[in-house]
Amino acid sequence: MPVFVIWLVSLLATLGSLFFGEVMGLSPCALCWYQRIAMYPLVVITSVGLLTRDRRVAAYLWPFVIAGLGLVIYHNLLYYHLIPQDITPCSRGVSCTDRQIEWLGFITIPIMALAAFVTAAGCLLWFRALVKGIAREDQ
């Protein structure tokens, strides 16, 4: 179940980012591109993990989730001006602090990305607990 949730969240995040870019015409900033690099493989890896029922799938997912979490936390700190914009990698093109979407006054692209990566990390911890429980029952 947790791997399915990661698959669903990463699929929605991937389709959402493609919709924002290709349909709505919103250009991603540099940090958004890096977050996409961390998010998109989750769809493929979880698909293979679900199809093969591989208990080791978490080992393949963690590096992408940790990288994505680091990027999205940094992006949110920049976006909400909690750290100076001088240290931003967004020197060309779209600024990492531009407000392209703001639904209900607080739902932004960086917040949606943060929710996706936090959900994935939570599901990986849930999956680890399930696998440990199964291992105990096998003993």
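Given the residues T119, T97, which is the only one that is closer than 12 Å to L31 by Cα, open to solvent by less than 70 Å² (accessible area, probe 1.4 Å) and under 19 Å from the mean Cα position of the chain (by Cα)?
Details: T119 fails: closer than 12 Å to L31 by Cα.
On inspection, the qualifying residue turns out to be T97.
Search region 22-37 for residues that are at pLDDT 95 or above and pair each with any residue that is in a helix (DSSP H, G or I) and of a type in the set (S, T, Y) when their beta-carbon atoms are under 6 Å apart and the residues are at least 6 apart or on different chains.
Matching pairs, first to second residue: R36/S17.
The values are calculated or read from the model by the stated rules, or taken from the named source; none is laboratory data. On a predicted model such as this, the values are computed, not experimentally measured, just so you know. All Cβ positions, even for glycine, are placed from backbone atoms using ideal geometry, and neighbour counts span all protein chains on display. When the accessible area is computed, the model is the full protein with side chains, heavy atoms only, and any ligands, DNA or RNA have been set aside. Shrake-Rupley method; radii C 1.70, N 1.55, O 1.52, S 1.80 Å.
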